[in-house]
Amino acid sequence: FYEWRREGKEREPFYFTLCDEGLFAFAGLFEYWQAVPGQSSPDDVASCTILTTEANGLLREFHDRMPVILEPPDYAAWLDPAVED
C-alpha cells in the first residue's frame, strides 16, 4: 500500500510491502443498503471502509494511522458473513 508524506505543499508517495513481498489483507467492512428492501433501486448504496489503527514504529514518520493488517489465520473469520463478534 502507499502512504503519502507531506512536506510543505509537496506530497511524496511511499510504497509499503511485507518483508517477503507476499500478499496481505486489510481488515475492512462492507455494507449494502437497499432503499426498498428486497428490490433493486438506483438509490441503493454499497459502501466499504478499511479499518485503521495507530501507526507502528515504521509508519509513524509518515502518518499517525495505518491499515489493520490481518494475519492469514484470521482471513476466514473476516470473510464469513455468519461471524458477528
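The values are calculated or read from the model by the stated rules, or taken from the named source; none is laboratory data. None of these values were measured; they are calculated from a predicted model. Note: ideal-geometry Cβ built from the backbone for every residue, glycine included; neighbour counts use all protein chains shown. These area figures cover heavy atoms from the full protein model, side chains too; ligands, DNA and RNA do not enter into them. Shrake-Rupley method; radii C 1.70, N 1.55, O 1.52, S 1.80 Å.
Placing unit charges on C-beta atoms (Lys and Arg positive, Asp and Glu negative, everything else neutral), compute the dipole magnitude of the chain about its Cα centre in debye, rounded to 20.
Details: 6 positive and 17 negative charges, 80 e Å.
In debye, rounded to 20, the chain gives about 380.
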Requested in this report: On the full set of protein chains, 1.4 Å probe, figure out the accessible area of residue 1 and give it in Å² to the nearest 10.
Outcome: 40
Requested in this report: Rank 33, 15, 67 by how far each Cα sits towards the positive end of the charge dipole of the chain (+1 on Lys, Arg Cβ; -1 on Asp, Glu Cβ) and give me just the farthest.
Outcome: 15
Query raised in the report: Ranked highest first by the average count of other Cβ atoms within 10 Å around their residues, in what order do 3-10, 25-32 fall?
Result: 25-32, 3-10
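After finding the eigenvalues of the alpha carbon gyration tensor for the chain, what semi-axes result from the square roots of 5 times each, listed largest first in whole Å?
Computed over the chain, the values are 31, 20, 11 Å.
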Query - Heavy-atom accessible area ranking, 1.4 Å probe, most first, across 58, 79 - result: 79, 58
**Report entry** Karplus-derived 3J(HN,Hα), 6.51/-1.76/1.60, for each residue of segment 68-85, Hz, glycine and proline x
**Finding:** 6, 9, 7, 7, x, x, 8, 4, 4, 5, 5, 8, 8, x, 7, 7, 10, 7
**Report entry** Rel. contact order, % - alpha carbon contacts under 8 angstrom, at least six apart, the chain
**Finding:** 25
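Would you work out what percent of the accessible area of the chain, with all protein chains in place, is carbon or sulfur (probe 1.4 Å)?
Carbon and sulfur: 54 percent of the exposed surface of the chain.
Taking only the Cα atoms of segment 35-82, how large is their convex hull per residue, in Å³?
Working: hull volume 6.3 nm³, N = 48.
Once divided by residue count, the hull of segment 35-82 is 131 Å³.
Can you show me the helix-derived [θ] at 222 nm for the chain, built from DSSP H runs with n ≥ 4 at -39,500 (n - 2.57) apiece and divided by the number of residues, rounded to the nearest 500. Before the final figure, lay out each step's value.
Values: 1 runs with 5 residues, N = 85.
Only helices count here, giving -1000 deg cm²/dmol.
In nm, what is the difference between 0.36 nm times the number of residues separating residue 23 and residue 5 and their Cα-Cα distance? Kindly include the intermediate steps, with their values, before the conclusion.
Details: separation 18, 0.36 × 18 = 6.48 nm, distance 2.35 nm.
Extra length available between residue 23 and residue 5 comes to 4.1 nm.
Report the percentage of all Cα-Cα pairs in segment 1-43 whose separation exceeds 16 Å, rounded to a whole percent.
Working: 603 of 903 pairs.
Tail of the P(r) past 16 Å holds 67 percent of the pairs.
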Report task. Name the residues whose placed amide hydrogens come within less than 5 Å of the amide hydrogen of residue 51, ignoring near sequence neighbours (fewer than 5 apart) on the same chain. Result -> 27, 28, 29, 68
